[in-house]
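Heads up: the structure comes next, in structure tokens.
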Protein chains: 2
Amino acid sequence: MVQVDKLLVGGVVLTMNTKLELYRSGAVAISGDSIVAVGPVEDLLKDYQADEVIDCTGKIIMPGLVNAHTHMPMTLLRAMADDLRLDVWLMGYMMPVEREFVNPAFCRLGTELSCAEMIRGGTTLFADMYYYEAEIAAAAADAGLRGVCGQTVMKYSAPDAESFEESLAYTRRFIEEWKDHPLIVPSVAPHAPYTCTDEILKACAQLATEFDVPLQIHILETRQEAEDSWNEYEKKVVNRVADLGIFSAQTIAAHCVHVDTEQIRLLQQHGVAVAHNPTSNLKLGSGIAPIKEMIERGVKLSIGTDGAASNNDLDMFEEMRLAALLAKGATNDPVVLPARDALLMATRWGAEALRLGHLTGSLEAGKRADLIILDHAPVHNLPHFDRDQNSVYSQVVYAGHASDVLHVMVNGRWLMRDRQLLTLDEGRIRVQAAGYARQMDEFLAAREGNVLNKLIAIGGLQQEESFEIQVKVQPDTDQQALIQRLLHHPAVEIVKSLHYRQYDTYFLFEDTQQGRVRYREDDAIDEGGKPMAVRTRLTYTIHDKEREFDEAVMLSRSQFIAPADRPLRFYREYFQAYRECEVHKDRLRWHVLYKGVLFYVNVDQIMVPAANHHYIEIKSRTWSARDAEYKAVLIAEMLNEVLGIKPGQRVRMEYVELCR
Amino acid sequence: MVQVDKLLVGGVVLTMNTKLELYRSGAVAISGDSIVAVGPVEDLLKDYQADEVIDCTGKIIMPGLVNAHTHMPMTLLRAMADDLRLDVWLMGYMMPVEREFVNPAFCRLGTELSCAEMIRGGTTLFADMYYYEAEIAAAAADAGLRGVCGQTVMKYSAPDAESFEESLAYTRRFIEEWKDHPLIVPSVAPHAPYTCTDEILKACAQLATEFDVPLQIHILETRQEAEDSWNEYEKKVVNRVADLGIFSAQTIAAHCVHVDTEQIRLLQQHGVAVAHNPTSNLKLGSGIAPIKEMIERGVKLSIGTDGAASNNDLDMFEEMRLAALLAKGATNDPVVLPARDALLMATRWGAEALRLGHLTGSLEAGKRADLIILDHAPVHNLPHFDRDQNSVYSQVVYAGHASDVLHVMVNGRWLMRDRQLLTLDEGRIRVQAAGYARQMDEFLAAREGNVLNKLIAIGGLQQEESFEIQVKVQPDTDQQALIQRLLHHPAVEIVKSLHYRQYDTYFLFEDTQQGRVRYREDDAIDEGGKPMAVRTRLTYTIHDKEREFDEAVMLSRSQFIAPADRPLRFYREYFQAYRECEVHKDRLRWHVLYKGVLFYVNVDQIMVPAANHHYIEIKSRTWSARDAEYKAVLIAEMLNEVLGIKPGQRVRMEYVELCR
């Protein structure tokens, strides 16, 4: 009799080894961090004895699940902002909150919360990509989980680095520090081809190959990425990455939703492993990865939950079920990805994808003891059919729940017994997480309650204080005649003339103190009357102060301007205005000097909402009441003497009021 | 102070009423079967007192979930046969097993098992369609659940009826007996348009309107159904059903995967409620229902699990999550079906779809007390954001689990407290379900181990004992010369001549005692050499006995023949043969009288696998050794004297051996 540390006896043992051996009444012998033997219970009881013998009758003993793609600290953002379009979700919520809150303590706590959830749900191996990855590695190692920890590198500044060089240096130190750890495999994670320059991608691959560690990257999560790559590089994303030599590293590519046949072949040829994230891809409306074709072409496959902010949990039972279901539904082929293969994706194939197939992913003598024990007989999984081995895989995949997991062991160490966590303090995590949520709620509430803060959150804003003296009239004179007078008056010197159509969308808020946001599109018009160039800007006007003169008004405004580099739809969904208002006008504009003073003269024809209304505006910048007073006099002269407009045609309104 | 029976105090109350009122710290007062008041905890504590006060701090109080489409007894078939094509699954497994096992006791037990699972998962209202529905109603009522119970009617014989008239009579009695029950609403369930004649559909609608009960029907689950309806009726399915007046009844249409815009409009116009079954539709590869368009066009929507045989559980948390995810993924639009609306589909909208919106589906004074209490703070649902009411719906829909349900109440009665079922004996159910599973395993194992039984299971088989005397030669003579001799020999009278190409696929089994199955396709060839008509047959040959004569052999065969009305692919997946073998031949066949005795002469040219080999067969039916002996002599004469084939060219093999 050989003495071992632990003997798990009875229960159905799913080895998930290459022969898919399954013991209806099996046993597993464990010593130290490793499995010593797996087989029928009667065989093992003949050869092995242990102090700790666990009766697993009525249970399933199987390899722990492998979550091949996640961002652990993002559990702290769970359900913060859902059902939003990707750009609103990412740029409007995730990134501003991450900029504000992500620091080493946040990453450590988020990792602890994730580890608690993953252990409870039977995950024993994960692959993570985030910031401050050394903190994540430390927290996961303390929790006792096995993981591949990828430090993010990208061309933008990140919460943990101002530049990619800084990230890369951090990654090098991180790898050096962790490369011999029994549980953690450090890894390089260039965020995605579209967020990395060629130089960054090459540097990451070099670092990964230098230390022989895996490289993690997001690839083709969205259709947009495919289009952008083609437009920018004249290459498909996978081709570009392959050409840069990235796949010389052991690559794990997350998503791969929009790969075509050529790119699937490339992934297969280079031995790239794909981490399929069905929930996240559906939830963000990214699409459905071509898993059937990837299987047929022999691509290494694994399953991930992605971050909890787009899932919203880290439940690998849900994830492998959805993988199995979706592959069928998307192809109208119910034999694609049977339960057995989905379970392989979430166990041995997953471990192989993370390059840890030699250590874990199946129950085999010599491998590390990473295993879970499930209740085989909850009401939602009765009855049991024994005729066909596949019935057991069906039970686990199609009706198994995270809550069926009773015990979890990683590296020979119990992390959960009878649903009690042994390595993490849930009470403390709960309290600390609640504290963060309160802070984030306050941050967002202050921002939501304040349009300016929402604007600042998405970046690129420049403040501009402006003081302007201006007049607007609705003349009863013929427009062409007015223009002729302006152009030919001896006291007027034309500095510049412009013609454009201006499309303004105003976002108005219930609390008018909040000011208003205008999305402004200017289409410059050539001499033939055709649009030449388009410029979009966002302006935010908080509050107008007015001072009346005889014929004109002085406005002092606090105005913010930003390039509007996202579509109107983004701003609409992001600001969720109380009311929207459209004003479109055809504008002839002159910069003129009148008595040596610069004025702007606009001859506007309104197209929307009040078709064919005409207005003339005369404006000038100003800086003092005295200067304003002087210019008000000049404006009155221009109206009267230059343009021949009689008094009383002045209108006191702004264009936004047209649609009130 | 008003005295009530029960007060639930504290916790987040999601009313799901039309205003979507939500109380962060709310309370619910209950008397008898009904809700008396819902509101902020401080308000209710001022007005109400109760003996039973349940502290719900840290919990969510919400309406019970509505499973709008299921077949409860099918939980007993869970994981029996998965990952198969619809026809193999349905006709190869479900229907044979149902024919064998479905009886009142089976339905009662299956319902008990389903009710146990549904209560544990927070479902308080279901819509069922099955056989022996009175048994199902009784079991569900005993378990305390609310349900719409639909008795199945169709043109085929069912486990509970030989004919549709019998089903209809059963349904009438069932409705009369149950129509005033406080929990159960009886209903008519014509199975589907393709399994019902116009007459049946009309009779069902008439019965439903006579008693003002709902009508349940499967509509357009598969693309095939759409095609078949068009071919058979020259109408789209929904148009046909609408034209028949079915929608004059309160109709609940399950699936509606393949409805187009016209049909969606018809559903909306007639107030038909759709029960969406995303898991089942994916798992069977049926497709993805156009939920986004149905929402936009204002169709009443609800969510169902379908039967556990195609799900494989009755978990409404999974189902509403998948509904929310899939609607986004299928349209690449992440704002479709936000969590709030998915939760409405699974609560108030579901109750409205089942025509019980006046009684249940939301927490409102006057409605029945059908509610569930969830743990608000499991690790997989931390932390909580309070800024936006939608975060709570996100928590329930995107990360809620069946195992979060702590307490369940229906009609004012507790069905589960602290995850202990109060109305069902899980131990007994478990044991009895295991008993059924063993029997079904044995039934299937016996069948799987026996090809004949598998054939019988799919129906249509006719046994034929045949005794045949025959010879086969591979002549060295020119084929045309042989034919000319046959046609012009004075002792030979040609009765009939045929030309066809015969494509045989043999399914061979490891245990040759099992016999072999042949899928035979005959393409009759016209005089121009073109195929005219195709006939497919299935033959099963168990065992040949042979008796040798000088030149011929007598074969006695037990042969079974069935029309092969399903595609070759079906039989391939159904029989899972050890080996397959293809033989294709071009056959000229004559029925001839030689000396007044009927013989069949085949001149065969093999196309696959041995191209251009020629064989001649002469055969006759026989019934005795004496007759066989006489015919053996005539065969020898024909070979020698009519065809001029020298002795020694006889081959002793069957065509199936060609590809060995």
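Both radii come from the Cα set of chain B: Rg as radius of gyration, Rh as Kirkwood radius; their ratio Rg/Rh reads 1.14. Per-residue Karplus couplings for region A:131-145, computed as 6.51 cos²θ - 1.76 cosθ + 1.60 with θ equal to phi - 60°, are listed in order as 9, 6, 5, 5, 5, 5, 4, 5, 5, 5, 5, 4, 6, x, 7 Hz, Gly and Pro entered as x.
Among the residues of B:430-439, the average count of other protein chain beta-carbon atoms within 10 Å of the residue beta-carbon is 3.
With +1 on the Cβ of every Lys and Arg and -1 on the Cβ of every Asp and Glu, and nothing else charged, how large is the dipole of the protein assembly as shown about its Cα centre, in debye rounded to the nearest 20? Before the final figure, lay out each step's value.
Working: 140 positive and 188 negative charges, 243 e Å.
Using only the charged Cβ atoms, the result is roughly 1160 debye.
Protection proxy ranking, highest mean first, for peptides B:634-644, B:326-336, A:214-224: A:214-224, B:326-336, B:634-644, where packing is the per-residue count of other beta-carbon atoms within 10 Å, averaged.
I need the trypsin sites (Lys or Arg not before Pro) found in region B:338-441, filtered to DSSP loop residues with at most 15 other beta carbons within 10 Å of theirs. If you can, show how the numbers build up before the last one.
Details: sites: B:Arg340, B:Arg348, B:Arg355, B:Lys367, B:Arg368, B:Arg387, B:Arg413, B:Arg417, B:Arg419, B:Arg428, B:Arg430, B:Arg438; in loops: B:Arg355, B:Lys367, B:Arg387, B:Arg419.
Counting only loop positions with at most 15 other Cβ atoms within 10 Å, the trypsin sites (Lys or Arg not before Pro) in region B:338-441 are B:Arg419.
Label point of B:Glu166 set 7 angstrom out along Cα-Cβ; within region B:89-104, amide nitrogens under 15 Å from it belong to B:99-104.
Remark: relative contact order (region A:1-105) = 27 percent; criterion is Cα-Cα distance under 8 angstrom and separation of 6 or more residues.
Pairs B:Lys202/B:Lys236; A:Lys472/A:Lys595; B:Lys236/B:Lys530; A:Lys496/A:Lys595; B:Lys595/B:Lys646; A:Lys328/B:Lys300: which are spaced more than 23 Å apart, C-alpha to C-alpha?
Values: B:Lys202/B:Lys236 17 Å; A:Lys472/A:Lys595 20 Å; B:Lys236/B:Lys530 35 Å; A:Lys496/A:Lys595 16 Å; B:Lys595/B:Lys646 21 Å; A:Lys328/B:Lys300 27 Å.
Distance filter (> 23 Å) returns B:Lys236/B:Lys530; A:Lys328/B:Lys300.
The string of couplings for region B:590-605 from the Karplus curve (6.51, -1.76, 1.60, θ = phi - 60°) is 10, 8, 10, 9, 10, 6, x, 10, 7, 10, 10, 10, 10, 10, 10, 10 Hz, one whole number per residue in order, with x for Gly and Pro.
Would you mind working out the magnitude of the charge dipole of region B:460-658 relative to its Cα centre, with +1 at each Lys and Arg C-beta and -1 at each Asp and Glu C-beta, to the nearest 20 Debye? Show your work: numbers first, answer last.
Numbers: 28 positive and 32 negative charges, 55 e Å.
In debye, rounded to 20, region B:460-658 gives about 260.
Heavy atoms only, probe 1.4 Å: what % of the accessible area of region B:471-617 goes to carbon and sulfur, would you let me know?
Numbers: 3510 of 7150 Å².
Carbon-and-sulfur percentage of accessible area, whole number: 49.
Qualifying trypsin sites (Lys or Arg not before Pro) in region A:576-639, where qualification requires a DSSP coil assignment and no more than 14 other C-beta atoms within 10 Å, comprise A:Lys595. Of the beta bridges in the protein assembly as shown, as assigned by DSSP with both residues counted there, near 75 percent are antiparallel. Each of A:Tyr503, A:Leu555, A:Ile606 was placed along the dipole of region A:460-658 (beta-carbon charges, centred on the mean Cα), and the one lying farthest toward the positive end is A:Tyr503. What chain B shows is 37 Å² of accessible area per residue, with the surface traced by a 1.4 Å probe over protein heavy atoms.
Looking only at other chains, what is the average number of their beta-carbon atoms within 10 angstrom of each beta-carbon in A:393-403?
Working: counts 3, 7, 5, 1, 4, 11, 11, 2, 8, 4, 6.
Mean inter-chain Cβ contacts per residue within 10 Å come to 6.
Check which residues have an amide H placed less than 5 Å from A:Arg355's amide H, if you skip close sequence neighbours. The answer is none.
Counting other Cβ atoms within 10 Å of each Cβ, which chymotrypsin sites (Phe, Trp or Tyr not before Pro) in region B:605-660 have at most 11 and sit in a DSSP loop? Mind showing how you got there, number by number?
Values: sites: B:Tyr615, B:Trp623, B:Tyr630, B:Tyr655; in loops: B:Trp623.
Sparse-neighbourhood loop chymotrypsin sites (Phe, Trp or Tyr not before Pro): B:Trp623.
Can you bin region A:478-576 into rounded, prolate or oblate? Criterion: square roots of the alpha carbon gyration tensor eigenvalues sorted a ≥ b ≥ c, rounded for a/c under 1.5, prolate for a/b above b/c, oblate for the rest. Judged from the Cα gyration tensor, region A:478-576 comes out oblate (a/c at least 1.5, b/c at or above a/b).
Rounded, prolate or oblate, given the Cα gyration tensor of region B:385-448, with a/c below 1.5 counting as rounded?
Numbers: a/c = 4.71, a/b = 1.94, b/c = 2.43.
Oblate.
Interface of A with B. Using a 1.4 Å probe and counting protein heavy atoms only, the two chains hide about 5500 Å² of accessible surface, both sides summed. Carbon and sulfur: what percent of region B:33-134's accessible surface (1.4 Å probe)? Within region B:33-134, the accessible surface is 51 percent carbon and sulfur.
Using a simple charge model, +1 on the beta-carbon of Lys and Arg, -1 on the beta-carbon of Asp and Glu, nothing else, what dipole does chain A show about its Cα centre, in debye to the nearest 20?
Approximately 780 debye in magnitude.
Here's how it looks for A:Gly11: its modeled amide H is under 5 Å from those of A:Gly26, A:Thr57, A:Gly58, A:Lys59, which are all 5 or more places away or on a different chain. When the Cα gyration tensor is reduced to axis lengths a ≥ b ≥ c, the ratio a/c stays below 1.5 for region B:296-414, which is therefore classed as rounded.
Could you tell me what percent of the DSSP beta bridges with both partners in chain B are antiparallel, to the nearest 5? List each step's numbers first, then the result.
Numbers: 106 of 145 bridges.
So the antiparallel bridges in chain B amount to around 75 percent.
The packing ranking, built from the mean of other Cβ atoms within 10 Å per residue, places the peptides A:9-22, B:276-289 in the order B:276-289, A:9-22, highest first.
For peptide B:154-160, compute the average count of partner chain beta-carbon atoms within 10 Å of each residue's beta-carbon.
Working: counts 0, 0, 0, 0, 0, 0, 0.
Mean partner shielding for this stretch: 0.
Residue by residue, region A:470-483 carries 3J(HN,Hα) couplings of 7, 9, 10, 10, 10, x, 8, 7, 5, 5, 4, 5, 4, 5 Hz when phi is fed to the Karplus relation 6.51 cos²θ - 1.76 cosθ + 1.60 (θ = phi - 60°); x denotes Gly or Pro. Can you compute log10 of I(q)/I(0) for the protein assembly as shown with the Debye formula, treating each Cα as one identical point scatterer, at q = 0.05, 0.08, 0.09 Å⁻¹? Evaluating at q = 0.05, 0.08, 0.09 Å⁻¹ gives log10 I(q)/I(0) of -0.49, -1.04, -1.21.
Projecting the Cα atoms of B:Leu86, B:Val4, B:Pro490 onto the charge dipole of chain B (Cβ charges, centred on the Cα centre) puts B:Pro490 farthest toward the positive pole.
Taking amide H positions as modeled 1.01 Å from N, with prolines and chain starts lacking one, the residues under 5 Å from A:Gln559 and 5 or more places away or on another chain are A:Glu464, A:Glu465, A:Ser466.
The values are calculated or read from the model by the stated rules, or taken from the named source; none is laboratory data. The structure presented is a predicted model; accordingly, all values stated were derived computationally and were not measured. Positions of Cβ are generated from backbone atoms using ideal geometry, with glycine treated the same way; all protein chains shown enter the neighbour counts. Note: areas computed on protein heavy atoms with side chains; ligands, DNA, RNA excluded. Shrake-Rupley method; radii C 1.70, N 1.55, O 1.52, S 1.80 Å.
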